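The values are calculated or read from the model by the stated rules, or taken from the named source; none is laboratory data. Just so we're clear, the structure is a prediction, and the values are computed from it rather than from any experiment. Reconstructed Cβ throughout: ideal geometry from the backbone, glycine too, with neighbour counts over all protein chains shown. The accessibility values were calculated without ligands, DNA or RNA, using every heavy atom of the protein model including side chains. Shrake-Rupley method; radii C 1.70, N 1.55, O 1.52, S 1.80 Å.
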Amino acid sequence: MPQKRTFNIVGISVPKVDGVSLATGSAQFTDDFELRSMLHARMLRSPHAHARIRKIDTSEAARLPGVHGILTYKNVPRVAHTTAGQGHPEPSPYDTFLFDRKVRYVGDAVAAVAADTLQIANQALQLIQVDYEILDPVFDPHQALQKDAPIIHDEPDAYAPLPVIYEPQRNLAAHVDMEIGDVEAGFHQADVLLDNQYSTHYGAHAALETHIVITYLDEQNRLVIRTSTQVPFHVRRIVARVLQQPVSRIRVVKPRIGGAFGGKQEIILEAISGALTLLTRRPVKLQLTREEEFMCTRTRHPQHIRLKSGVKKDGSLTALDLSILMNAGAYGPHALTVVCNSGSKTLPLYRCPNVRFEGNTAYTNLPIGGAYRGYGATQAFFAMGVQMDEMAHAIGMDPPTFHKRNHIRAGEGSPVFQALGEGKKGVEMKLNTCGLDACIDQGARAISWHTKRRRRDKGVRRRGVGMVCLMQGSAIPEIDMAAATITMNDDGSFILLAGATDLGTGSDTVLAQIAAEILSVTTDQIVVHSSDTDFTPFDVGAYASSTTYLSGNAVKHAAEQVRQQILRVASEMLNTEPSMLMLRKGTVMHQKTTTRRVSLADVAHYSLYQKNQFHISATASQHTHISPPPFAAHFAEVEVDTETGEIRVLEYVAAVDCGTAINPALAEGQTEGAIVNGISFALIEEFHFDARGRMLNPNFNYYSIFSARDVPPIKAILVPTHEPTGPFGAKSIAEISINGPLPAISNAVYHAVGIRLRHAPFTPQHVLDALRNQGRQKKL
Amino acid sequence: MQQILPKLTEYFRPRSVATAITLLSKGKGRRVPLAGGTSLALSTSRKITGLLDLSDLKLRYIKESQRSIRIGATAVMKDLCKHAAVDRVAGGVLQQAAHAVGATPTRNLVTVGGNIVQLFFWSSLPVALLALDATIRIQGKSGRRSISAAAFFRSHPKRHLAFHELVTEVVVPKTSSSCGGAFIKFARTHTGYAMLNVACVLERRGRACHNVRLVIGAATALPFRLRKVEDLLENAPLTPSLLEQAKSMTAQIVKPVADMRADPEYRKEVAGVLVKRAIQEAWARAAQTQAVSGGRKRRPTASRKRKSSGGTA
Ligand SMILES: Cc1cc2nc3c(=O)[nH]c(=O)nc-3n(C[C@H](O)[C@H](O)[C@H](O)COP(=O)(O)OP(=O)(O)OC[C@H]3O[C@@H](n4cnc5c(N)ncnc54)[C@H](O)[C@@H]3O)c2cc1C
């Protein structure tokens, strides 16, 4: 058991450092910014799912008074790139051009116009004449991989920058496979074999703030990009390449962000707006409408999953065979890594000697998949979580017992960690911590599992409980890196410059707490800036559940160095050895004679104005060899209306091991938010398309999401462990809990009414159909 | 992206209904009443050049008389939700319908007049008003007229209301305590647009229902009465098999128009289920009302409650 550690600020739910400014409306988002003579940009988008542009004529639009610049494929550099904001070189194919002669889905970019007003820009769009040669589209990923399917990326210059399998000539955007042990032999050893298919659907991030960017030239004619992004440094690098500008000529500023959930790990608007600014030499604002946000940004990749497993009567797993066909949509950002994650974040959870995994990603003429909280694990945990329940049922074991029997434990590794990385091999990793047993026990108790499991309802509305176990990672090993700078002010306060991007998660607060803990001050003594590529040090950005674990460590190391410098200065002032000094509540004091003391303000003043002057400051960087998984056990109680097919979640319990929760309220908030997001996705969210691939419901009227009134009681239980490689024992928490609702609800529905929901979403009609089929089968 | 009311140049805030009607008449159809604005705020109509703000017409009221409740056209959903007299009409069916409109901020804006004139297939209030046999009062340049909800919703109100006409009031007949009612909205979320709406009002006499009125909304462009099902239920003892009959008969009658969220077949079936439930709920409410007013013990509590909430009206 980890011993109890006491901290001053870590582990306490201090208020968010940006809380007051957000609540009072003084917080500055991208749009809260006016520049003189700013132009407004709008984009012309393809009405066709698949077409070639025969002719495009912008002359009439250009003549419209108030129009200052128009971009099409004719006047922008043709640079193959990916919009995925990932490390470099990216594991995603370079299949995207700022504008192209070809359009590949309804909503694809055709042209952009910058004008004095939005109205003029809109008018100009209507004056652009486009002559399309309409091509056959393909919407189904299975069909896309057939021999005679239309080829979506037939351009010769699309390529993968890493040595990975990429075959656009047959619509294959990515492929990955691995085998450990001998799966066929494993199936032979099994007492029970299961083989089922599952599918997950499109989902929208539905951030309140749509994608938005403002670009302008500074006094040195450098391009400044103020943008709602999770990845400022990747924005700088990718825009520099696409616009053929040196990195030194670009500055990216991340203001407050109105929600992202992975959707803003993409460089969708920055290069277009930047190109318009370079063309017009004027500031330009480009913001997407809600309709564009739904149709033209990124989504959760739909997956078709087949999972085969073998299990012995005693509950031990003999083989797992997971194969996935993922729909990339029209372009391939994250096409490889999301599907890799579907394997690498699910398969290691269970001890199994024989494991096979195959992932294929196909292009289709539909909206583009991308990073979305959970990142492939959400899809695959649906299949894994349901099939584990099916196995437990098949051998007559209570699911909590079954999970406990099979899950990975501290001290153990999994060959899957090594076999599957992100565009390259993974890393060997042994777990330092795993609190899953405690999560299962505490969660089961909180939902009264054993009582409720025994109940069998007979009426119209029937209740049931279900559970699932989950894991995720903390940062991408051997790829991600983060850095932070801390400087001391004359009054003894500090400035923390973080490359890490707080996108509403509260990471500025968590990082401030980490610095404050080391420097023995309160968080109001830490001024946090995140992020500005000119002023804050490098950080890959907010994704892969990396910020607390990785950026947190960078902050911790920087703070430790600053602390050393403070002690050194104080030792000079107090005429003693640094090792004899300690830092307590803004004061440096002698360990024995505590009356020998100086305040932090004294230290700062001395170091800046008095003797042997230097600026107390440090920058530290952090990378990682491992990605310690957080773990969780989720429990759902549902009520199924057998006449309408409606599912209501009555109660949801999530017990999560995230190591040390630096700020418990924020950790619970991440958990609750992810669960609401996950339940909404499981039950009601749905993209509807017409026969020609146009999304029919790109608005909140018909793409419903949960609001406060729909949210069931959620109980988040934080189960502490101590991860020695994380800051103060912390692991991640941001993504893991979105993986729970699909399988937990499906399993609870099985308990309630005996139907297995293997295809999401669980809309009332779908559930009622399943109940009908069950009735029919029973009669036969 | 289209501009909202691109041709808008005039704004009026008349202080009397008469002035409002004169202004509307002079507008020749290019000026329209502005009530809660929740739907006008999204209008991209190029025809509209002027808005007539109704908020100074003193039409935001709910008045109780012996026989009826008169609701002014600019009373908002929130007003209906918290009004004791409204709550007592047919087991609170109107209140339930008002509560089904969007979320709290929406209910603070949406007016009775706006909700019934700007009829969408999923609109809530019209369904309840049809079931309650309400009357709509209209005033125009040639005077006042009153028409039944049935006539008002026979075609889309925007089709038959003249451009110079204003809905001024909705009159809902009071019901006896043996009358119960229920409104059920079937949607993906609490605040979402209905995929089906059902309202039921009935009187309970002994074991049988009387004067049953059943309305279905959101299945088709206009809400409609289920007369055949009403006839089936009339004067019949409410048995489980009768309810099942009502359910399957409804499923046969209702022919839902396409809705991407669910197949017509599914919605037909659910319409039957909802009708059955609405009847059960209305029945149960009627019983409760009887029990409360008849039961000696509970009478003081009930009347005190009525008094205090009546005071806020
Ligand atoms: C997010 C949201 C969710 C909603 N959900 C629902 C729901 O679930 N169920 C539901 O029923 N409604 C719902 N509504 C309300 C509905 O869509 C309409 O917006 C509303 O009913 C219009 O009322 P209003 O008072 O705002 O009318 P306005 O927008 O002001 O006017 C609407 C139209 O009616 C005319 N008009 C208004 N008052 C009068 C009058 N007294 N006489 C003559 N003409 C008049 C106007 O000229 C205009 O043409 C929702 C609205 C929103 C914004």
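A few remarks follow.
- Annotation: the antiparallel percentage among DSSP beta bridges lying fully within region A:481-623 is about 85.
- Computed from the C-beta positions of A:Glu291 and B:Ser65, the FRET efficiency with R₀ = 51 Å rounds to 0.60.
- Extent of region B:62-173 along its three principal axes (Cα atoms, max minus min coordinate, largest first): 35, 32, 21 Å.
- Heavy-atom surface of region A:146-254, accessible at 1.4 Å and reported per residue (Å²): 43 Å²
- Pair A:Ala665, A:Arg409: separation of 7 Å Cα→Cβ label points (nm): 3.8 nm
- P(r) weight above 18 Å for region A:319-427, C-alpha pairs, percent: 53 percent
- Cα centroid of region A:72-88 to Cα centroid of region A:195-248, whole Å: 12 Å
- Accessible surface, 1.4 Å probe, highest first, among residues A:Lys102, A:Lys715: A:Lys715, A:Lys102
- Ordering A:408-417, B:111-120 by mean Cβ neighbour count within 10 Å, with the highest value first, yields B:111-120, A:408-417.
- A 1.4 Å probe over all protein chains sorts A:Tyr609, A:Tyr372, A:Tyr216 by accessible area into A:Tyr609, A:Tyr216, A:Tyr372, starting with the largest.
- Carbon and sulfur %, accessible surface of region A:481-623 computed with the full protein complex present, 1.4 Å: 50 percent
- Using a cutoff of 8 angstrom between alpha carbon atoms and counting only pairs six or more residues apart, the relative contact order for chain B works out to 16 percent.
- What the Kirkwood sum gives for chain A is a hydrodynamic radius of 27.4 Å, with every pair of different alpha carbons counted.
- Prolate/oblate/rounded label for region A:1-109 (Cα gyration tensor, a/c 1.5): oblate
- Inter-part distance where region B:47-113 and region A:694-748 are each reduced to a Cα centre, Å: 38 Å
- Summarising the overall dimensions of chain B from its C-alpha atoms, the Rg and Dmax are 20.1, 63 angstrom.
- Paramagnetic label reach from A:Asp136 (point 7 Å along Cα→Cβ; backbone nitrogen cut-off under 19 Å): within region A:324-368, residues A:330, A:362-366.
- Tail fraction, Cα-Cα pairs, region B:99-155, threshold 15 Å, whole percent: 52 percent
- For region A:208-263, convex hull of alpha carbons as volume per residue, Å³: 77 Å³
- DSSP bridge orientation in the protein assembly as shown - percent antiparallel, rounded to nearest 5: 80 percent
- With R₀ set to 45 Å, the beta-carbon distance separating B:Ala162 from A:Gln197 gives a calculated FRET efficiency near 0.15.
- Residues losing 20 Å² or more accessible surface upon assembly, region B:2-24, compared with the chain by itself, 1.4 Å: B:Gln3
- Taking the 1.4 Å solvent-accessible surface of region B:179-305 as the whole, the part contributed by carbon and sulfur is 52%.
- Area accessible to solvent at A:Val130, 1.4 Å probe radius, in Å²: 40 Å²
- Heavy-atom accessible area per residue - region A:387-512, 1.4 Å, Å²: 35 Å²
- Relative to its Kirkwood radius, the Cα radius of gyration of region B:179-305 gives an Rg/Rh of 1.05.
- Alpha-carbon Rg/Rh ratio, for region A:243-393, with Rh computed the Kirkwood way: 1.13
- Given in Å, the Rg to one decimal and the Dmax to the nearest whole number for the Cα atoms of region A:481-623 are 15.3, 47.
- The alpha carbon gyration tensor of region B:10-53 gives principal lengths a ≥ b ≥ c with a/c of 1.5 or higher and a/b no greater than b/c, which makes the shape oblate.
- Only protein heavy atoms count here; under a 1.4 Å probe, A:Thr24 has an accessible surface of about 100 Å².
- The simple Förster model, with R0 at 60 Å and r as the Cβ-Cβ distance, assigns B:Lys141 and A:Asp154 a FRET efficiency of 0.35.
- The mean number of Cβ atoms from other chains found within 10 Å of a Cβ in peptide A:705-715 is 2, as a whole number.
- Within a Gaussian network of chain B (alpha carbon springs, distance under 10 Å), most fluctuating of B:Gly50, B:Gly180, B:Gly29: B:Gly29
- The value for region A:634-708 of Rg(Cα) / (2.2 N^0.38 Å) is 1.44.
- For region B:179-305, share of DSSP beta bridges that run antiparallel, in % to the nearest 5: 95 percent
- Peptide B:183-192, shielding by other chains (average Cβ, 10 Å cutoff): 5
- The loop-placed GluC sites (Glu not before Pro) in region A:155-221, going by DSSP, that have at most 11 neighbouring Cβ atoms within 10 Å of their Cβ come out as A:Glu219.
- In the A-B interface, the accessible area buried, summed over both sides, Å² (probe 1.4 Å): 2400 Å²
- Here A:Phe614 sits with roughly 70 square angstrom of accessible surface, probe radius 1.4 Å.
- A helix-only calculation puts the protein assembly as shown at -9000 deg cm²/dmol for mean residue ellipticity at 222 nm, using -39500 (n - 2.57) for each DSSP H run of at least four residues, averaged over all residues.
- In terms of accessible area, using a 1.4 Å probe and ignoring ligands and nucleic acids, A:Trp449, B:Trp122 rank largest first as B:Trp122, A:Trp449.
- Pairs with C-alpha atoms separated by more than 23 Å, drawn from the list A:Lys313/A:Lys404; A:Lys452/A:Lys715; A:Lys254/A:Lys425; B:Lys228/B:Lys268; B:Lys228/B:Lys255; A:Lys424/A:Lys556, are A:Lys254/A:Lys425; A:Lys424/A:Lys556.
- Within region A:670-687, the residues that become at least 40 Å² less accessible when every protein chain is included than when their own chain is isolated (1.4 Å probe; DNA, RNA and ligands ignored) are A:Ile684.
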